[in-house]
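All remarks here apply to the structure that follows.
No lab work stands behind these numbers, since they all come straight from the coordinates. None of the values given here were measured: they were computed from a predicted structure. FYI the Cβ positions are ideal-geometry reconstructions off the backbone, even for glycines, and counts take in every protein chain you see.
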Amino acid sequence: DVKVTQSSRYLVKRTGEKVFLECVQDMDHENMFWYRQDPGLGLRLIYFSYDVKMKEKGDIPEGYSVSREKKERFSLILESASTNQTSMYLCASSLPERSQETQYFGPGTRLLVL
Amino acid sequence: GNSVTQMEGPVTLSEEAFLTINCTYTATGYPSLFWYVQYPGEGLQLLLKATKADDKGSNKGFEATYRKETTSFHLEKGSVQVSDSAVYFCALSRNTGGFKTIFGAGTRLFVKA
């Protein structure tokens, strides 16, 4: 079974702090994704990566950056956390099966920015 | 652009009732269509998928048929259980120079005993 793990289930940070969210997958997947999930808005793509050291902006990249130094690990960075970044953050990975890809999700990190 | 619209929730049903959650999509070409489910406190997991028109995806008693003529992929189950209480997301995926998946807003289902 594919396993995607996220470093924390719950985080509380203060405005202006730098925040790191870590995601690790154990199935050698090329593709990795970061989403945020908000009520009524579903999942919105922040950033994704097709390979090591490669990254692409998603639909809402502002205020975020990412790092992929190793194939199994994809980090989301909030350079200066703000209250409007309070949300559930979901990491996912997939094989590049073109349009048939299935994404495998981690359990999520619920971030509260005070 | 590509988009997914699904019925707003919450949907509340009694155990053994019939379930339909509507999903329609907008996309050029031939996307793959998915239903993901999110149980309380967990991430999303794939429930079923269909990759071409008239395909039927099925899993755990749930079914959905890819209808290109109506651009729909409605989720159905004949008899729901309390354990089906979750949030259901309809999604589409296309290879358009990137393997992005577009998710609907999600529909929360409550099943009462």
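For chain B, the relative contact order works out to 36 percent when only alpha carbon pairs closer than 8 Å and six or more residues apart are counted.
Ranking of A:V12, B:V37 by neighbouring Cβ atoms within 10 Å, starting from the fewest: A:V12, B:V37. Exceedance of the 20 Å cut-off in Cα-Cα distance is limited, within the set A:K3/A:K71; B:K77/B:K112; A:K3/A:K53; A:K3/B:K52; A:K71/B:K52, to A:K3/A:K53; A:K3/B:K52; A:K71/B:K52.
Look at the alpha carbon pairs under 8 Å that are at least 6 residues apart: their mean separation over the length of chain A gives a relative contact order of 36 percent. Computed over neighbours whose Cβ is under 13 Å from that of A:K57, the net charge equals 0, Lys and Arg +1, Asp and Glu -1. Where both bridge residues fall in chain B, DSSP classifies roughly 90% of the beta bridges as antiparallel.
Just the Kirkwood number for the stretch B:36-112, please: inverse of mean 1/r across all distinct Cα pairs, in Å, one decimal.
About 13.5 Å, per the Kirkwood formula over Cα pairs.
When the listed pairs A:K13/B:K49; A:K55/B:K49; A:K18/A:K55; A:K55/B:K68 are checked against a 30 Å cut-off, the alpha-carbon distance exceeds it for A:K13/B:K49; A:K55/B:K68.
The aspartates and glutamates whose alpha-carbon is closer than 13 Å to the alpha-carbon of B:K56, local same-chain residues fewer than 8 away aside, are B:E76.
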